[in-house]
Amino acid sequence: MTRKILVILGHPAPASYCSALADAYAQGAGESRAEVRQLVLAEMKFDPVRAVAGPVEADIVQARDAIRWAEHLVFVYPIMWGTIPALLKGFIERTFVPGFAVDFPANSRFWDKLLKGRSARLIVTMNTAPFLYRWVFGEPAHKTMKRAILKFCGVSPVRITEIGPMRSASKERREAWLEDVRKAGRALV
């Protein structure tokens, strides 16, 4: 059976190292005969701060269709000021809405997780050393994406690949990270 993978590039600059990582994962997954689609948020046309009510832009409709289609979601983004980029947050707020990602039945304290059956990988770059991000800052972006967004909507398991510190990384180290991500794509995880 062919695995359906959606790679979502959440970096605000489409030509970035995150873009190279997204391409490396997609290439690896393609080598394993997965069906791969990609979303580049910086190239989409949508208002990331518009209220949920009202007409929905075509790019958001297409993104929801792609998420419904996917069995595995791969988010590639940098940590910015300790958390996810504003563009990615706006995309999530516009896309992962009630009726699509979750539902809140009347007279119930619980919610329906409408994205069950999907797994995810977060490929995250940072200028901070990953151990400092974990032990000093408490991983706020990881907790937000993994627990408060994806698992809340039923996506599980959610795995995280941390890449950094970027600012001191040599060209050789960056190439090694690309190969690690390509291998993860080949393994379809």
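The values are calculated or read from the model by the stated rules, or taken from the named source; none is laboratory data. Here the structure is a predicted model, which is why all the values come from computation and not from measurement. Every residue, glycine as well, gets a Cβ built from its backbone with ideal geometry; the counts of neighbours run over all protein chains shown.
A few points about this structure:
- Taking the conditions (1) loosely packed, with under 13 Cβ neighbours inside 10 Å; (2) in contact with a helix residue (DSSP H, G or I) (Cβ under 9 Å, 6 or more places away or on another chain) in turn, F96 satisfies each one other than (1).
- Restricting the stretch 108-139 to residues that are on the phi > 0 side of the Ramachandran plot and modelled with pLDDT of 90 or more, the residue that is surrounded by the fewest Cβ atoms within 10 Å (Cβ to Cβ) is G117.
- The listed residue being acidic (D, E) and over 30 Å from A176 (Cβ atoms), out of D65, D23: D65
- Pairs are defined by a Cβ separation below 6 Å, a sequence spacing of at least 6 or placement on different chains, a first member in the stretch 143-170 that is within 23 Å of G185 (Cα to Cα), and a second member that is assigned to a loop (DSSP other than H, G, I, E, B) and not β-branched (V, I, T); the pairs so defined are G154/L115; G154/K116; V155/L115; V155/R118; G164/M126; P165/N127; P165/A129; M166/N127.
- In the stretch 78-92, of all residues being in a loop (DSSP other than H, G, I, E, B) and of a type in the set (A, V, I, L, M, F, W, C), the one that is modelled with the lowest pLDDT corresponds to W81.
- Residues satisfying the stated conditions in the stretch 1-19, i.e. within 18 Å of Y77 (Cα to Cα), surrounded by fewer than 17 Cβ atoms within 10 Å (Cβ to Cβ) and touching a residue at least 24 places away in the same chain (Cβ under 8 Å): P12, A13, P14
- Within the stretch 78-92, if we keep just the residues that are without any contact (Cβ under 8 Å) to a residue 60 or more places away in the chain and farther than 27 Å from T2 by Cα, the residue that is surrounded by the fewest Cβ atoms within 10 Å (Cβ to Cβ) turns out to be W81.
- Any chance D65 is modelled with pLDDT of 95 or more, among the acidic types (D, E), within 16 Å of V97 (Cβ to Cβ) and within 18 Å of the chain's Cα centre (by Cα): yes
Residue by residue, here is whether (1) hydroxyl-bearing (S, T, Y); (2) under 21 Å from V49 (Cα atoms) holds:
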residue: F100; (1), (2): no, yes
residue: D112; (1), (2): no, no
residue: R118; (1), (2): no, no
residue: L132; (1), (2): no, no
residue: K151; (1), (2): no, no
residue: S170; (1), (2): yes, no
residue: E175; (1), (2): no, no
residue: D180; (1), (2): no, no
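- For G82: the one exception among (1) more than 15 Å from the chain's Cα centre (by Cα); (2) more than 24 Å from K143 (Cβ to Cβ): (2)
- Matching option when the condition is among the aliphatic types (A, V, I, L, M), under 17 Å from the mean Cα position of the chain (by Cα), modelled with pLDDT of 95 or more and closer than 16 Å to L115 by Cα, among L21, L73: L73
- Residue in the stretch 56-72 that is closer than 17 Å to L122 by Cβ and either free of Cβ contacts under 8 Å to residues at least 12 places away in the same chain or β-branched (V, I, T) (or both) present: yes
One line per residue, one yes/no per condition, for (1) at positive phi; (2) part of a loop (DSSP other than H, G, I, E, B); (3) crowded, with 16+ Cβ neighbours inside 10 Å:
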{"position": "L21", "(1), (2), (3)": "no, no, yes"}
{"position": "G28", "(1), (2), (3)": "no, no, yes"}
{"position": "K45", "(1), (2), (3)": "no, yes, no"}
{"position": "G54", "(1), (2), (3)": "yes, yes, no"}
{"position": "V61", "(1), (2), (3)": "no, no, no"}
{"position": "R64", "(1), (2), (3)": "no, no, yes"}
{"position": "I67", "(1), (2), (3)": "no, no, yes"}
{"position": "L73", "(1), (2), (3)": "no, no, yes"}
{"position": "V76", "(1), (2), (3)": "no, no, yes"}
